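The values are calculated or read from the model by the stated rules, or taken from the named source; none is laboratory data. Given the structure is predicted, the values throughout are model-derived calculations rather than measurements. Methodologically, a virtual Cβ is constructed for each residue, glycine included, from the backbone with ideal geometry; neighbour enumeration extends over all protein chains shown. With ligands, DNA and RNA removed, areas are computed over all heavy atoms of the protein, side chains included. Shrake-Rupley method; radii C 1.70, N 1.55, O 1.52, S 1.80 Å.
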Amino acid sequence: MALKVKAQEKMQKIGKYEGTYRYIMMPEIYTSLSQEKVIKEAAMRSGVSKGIMQACWDAAGEVIKAWATEGHSVALPGLGTMRFGLRAKSVATAEEVKTGLISTRRIIFTPAVDLKDELANTAIQITCYDRNGKEVKRVTSTDPGTVEDPENGNQGGNGGNPISTD
């Protein structure tokens, strides 16, 4: 299995390369799977009925939401953990602390090592298309598979090799 990416030649309308054609990469085949399809597949793989799987799915979602909003980091089976966080301005004294310093609330997902390893070991296939939509090149990755992980000191899921930040 491989991640499929397309590199489409497009005219740049802003920025450093404004007025020139550049190849821009984007996912080629990514679809949003419906909850119903996921539940059906999980029921089939586990041997339980779709109704029971739906009830479990709903209950797990409610538990995850409740615990995460109480401040817990909650395990997502086979995926990693999820927690809530925030971005806020810092101040010099406790007297200056107020809710107005909070700029955004965030959902933070920390992938499991196995999931990062799976991504690191998945090939990437790139198909290049010129500005007229004609296929001009195909490339399969030979990169080291470095996986970004900003939550853990920018260490990747490929043996802890540092991540490039460029």
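What are the trypsin sites (Lys or Arg not before Pro) within segment 1-110 that DSSP puts in a loop, where the Cβ has at most 14 other Cβ atoms within 10 Å?
Lys13, Lys16, Lys89, Lys98
Considering only beta bridges that DSSP places wholly inside segment 1-147, some 75 percent are antiparallel.
Take the solvent-accessible surface of the protein heavy atoms, probe 1.4 Å, and return the percent of it on segment 34-77 that carbon and sulfur atoms account for. After summing per-atom areas, the C and S share lands at 63 percent.
In what sequence, largest accessible area first, do Glu62, Glu28, Glu95 appear using a 1.4 Å probe?
So the residues, ranked largest to smallest area, are Glu95, Glu62, Glu28.
Among the listed pairs Lys37/Lys116; Lys6/Lys89; Lys40/Lys137; Lys40/Lys65; Lys4/Lys50, a Cα-Cα separation exceeding 29 Å is found for Lys6/Lys89; Lys40/Lys137; Lys4/Lys50. Segment 36-63 and segment 115-134 have Cα centres separated by 31 Å.
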